[in-house]
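Asker: Pasting in a structure now, in structure tokens, and then I'll have a few things to ask.
The values are calculated or read from the model by the stated rules, or taken from the named source; none is laboratory data. Keep in mind it's a predicted model, so treat the numbers as computed, not measured. We place every Cβ from the backbone using ideal geometry, glycine too, and count neighbours over all the protein chains shown. With ligands, DNA and RNA removed, areas are computed over all heavy atoms of the protein, side chains included. Shrake-Rupley method; radii C 1.70, N 1.55, O 1.52, S 1.80 Å.
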Amino acid sequence: MGTHIDPFAPSRHILDAYVNGGQYAGATVAVVHAEKEEPIFKYVTGWGGEKDGKDCGQWGEKALHRIYSMTKPITSVAAMMLIEGKSMALDDEIWKYIPEFKSPQVIIEGKNGDFSLVPAKSEITVRHLLTHTSGFGYGGLFHTGPSVKFYEEQGIKTFDQQLGQSSKDVAMALAKIPLLYHPGECIHYSLSTDVLGYLVEVVSGMALRDFMLEKILKPLKMNDTDFWVPPEKMSRLRPVFWKGDAFSHVETPNPTQKDCHTRGVGKMSPSTAGGAGLFSTCADYIRFMRMLLNKGTLDGVRILSEESVEIMTEKNHLPEGKDCNAMRVPTQFGTFPGEKGVGWCLLGTILLEDGVDKAVGCKMSTPGEYGWGGYASTYFQLDPKHKTGFVVLTQLIPSSSYPVRPQMKYAVNAALKGMRAELRALGIEV
């Protein structure tokens, strides 16, 4: 009699170890296939009691999470819908829609904190926004130097300040700040998607929230995904924690970044940040992932054409096919993202042909896998070739606290490789 080996046992073990070790209050993972309504695998682990007076139980598929930068792919899909409808083009210069961005300047750092400003070699395009090659920074995050003072002067230096303003306010502030580099010459994680969200508003004539609800969220039945959590859903909202002892709440030990984590909780917020503003659930995000794996459609509802999804997800859009490491910003400004073997599609990082041996945690991966994560240690990844993907949701800040992403990437991909024969036997092509 043979012994059954659970291929997902390592995935369970990884999350259980973080919870039992006191690093996470709870976590949920789900592995999906484009053609299966229910996940191939799902697992929930977490404390059932209280930490700091907050209920830490109920970490399941319907638990509400702050997904922060996992908002970016949804905003990018919104922009692609406008491109597909010919309301704008991928290589349009954004000043044509937002005149304040015409003729940007670039900051050139000298010695001893000195700097000069020079005209940018080219205008910022929609493609630059979608690939974080616009020249924008992220306030005081991921870069240092004299440029930070410009963000401080415009009131968008901290994450708290950025999420406390409307997309228009953030965009107008950025239009007054010199770029870190010439558009298209480097990649630097940035407020580009927040500007993209405002661009969606200008081109569509709709508020970003209204556009998302009408064109994406409601059609996909992502009924719990929004820029705020109404009072009747508050019991499902999981607390967000800062790395530290006893799951310290971010509101308490980090007063400089307090409001961004309570924004939209129980009351509507004026901020609809296209780069980091959404709340969502595992069940909802699965539907978004399956729409992408099905080339733009789900349950008979088409969001994007197959061609548009392929443009977004099956190509590295960095110049000359370079990886993020080759495109990284000079060290005085930081190097995020700067990974070898990884490029950038229009929804996040994409594993290149030579990336399996170069990129962290990708030994079991397939070239073409793409995805992105959020500030509170959330992450999703999709594999178009095998029509599979996974999402991990927890609520620990910052996302660099522990290596859960490469660990889960390796464990889930290894499990899926072991299951492919079994899935094919059931008529599911992988």
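Asker: Quick query: amide H of F115 versus all other amide H atoms, modeled in the peptide plane; which residues come in under 5 Å with a sequence gap of 5 or more or a different chain?
Answerer: Amide H neighbours of F115: G110.
Asker: Moving on. Lysine pairs, Cα distance under 28 Å, 8 or more residues apart or cross-chain: how many in the range 150-237?
Answerer: 9
Asker: Quick one: dipole size for the chain, taken about the Cα centre, charges +1 on Lys/Arg Cβ and -1 on Asp/Glu Cβ, in debye to the nearest 20.
Answerer: 380
Asker: How much area per residue is accessible in the chain when the probe is 1.4 Å and only protein heavy atoms are counted (Å²)?
Answerer: For the chain, the per-residue accessible area is 40 Å².
Asker: Could you size up the charge dipole of the range 73-167 around its Cα centre, putting +1 on the beta carbon of Lys and Arg and -1 on that of Asp and Glu, and report it in debye to the nearest 20?
Answerer: Value, rounded to 20: 100 debye.
Asker: Applying the Karplus parametrisation 6.51 cos²θ - 1.76 cosθ + 1.60 with θ = phi - 60° to the phi angles of the range 175-185, what ³J(HN,Hα) value in whole Hz is obtained for each residue in order, glycine and proline being reported as x?
Answerer: 5, 9, 10, x, 6, 6, 7, 6, x, x, 8
Asker: Taking every pair of alpha-carbon atoms in the range 100-170, give the share separated by more than 21 Å as a whole percent. The partial results should precede the final answer.
Answerer: Working: 765 of 2485 pairs.
Here the long-distance tail beyond 21 Å is 31 percent of all Cα pairs in the range 100-170.
Asker: Given a cut-off of under 8 Å on Cα pairs at least six residues apart, what relative contact order in percent is computed for the chain?
Answerer: Relative contact order, the chain: 21 percent.
Asker: Tell me the carbon and sulfur percent of the accessible area for the range 363-423, rounded to whole percent, probe radius 1.4 Å.
Answerer: 57
Asker: Restricting to the chain, compute how many DSSP beta bridges are antiparallel as a %, nearest 5.
Answerer: Here the share of antiparallel DSSP bridges comes out near 85 percent.
Asker: Using a Förster distance of 30 angstrom, determine the FRET efficiency expected from the C-beta separation of E306 and M364, and round it to 0.05.
Answerer: 0.60
Asker: Compute log10 of I(q)/I(0) for the chain with the Debye formula, placing one identical point scatterer on every Cα and leaving out solvent, at q = 0.12, 0.13 Å⁻¹, to two decimals.
Answerer: -0.98, -1.17
Asker: Helix 192-204 sits at what angle to the longest principal axis of the chain, using alpha carbons and giving 0 to 90 degrees rounded to 10?
Answerer: Between the helix axis and the principal axis of the chain, the angle is about 80 degrees.
Asker: While we're looking at this one, here's another question. Using only Cα atoms, tell me the angle between helix 9-20 and the longest principal axis of the chain; keep it within 0 to 90° and round to the nearest 10.
Answerer: That helix lies at roughly 70 degrees to the long axis.
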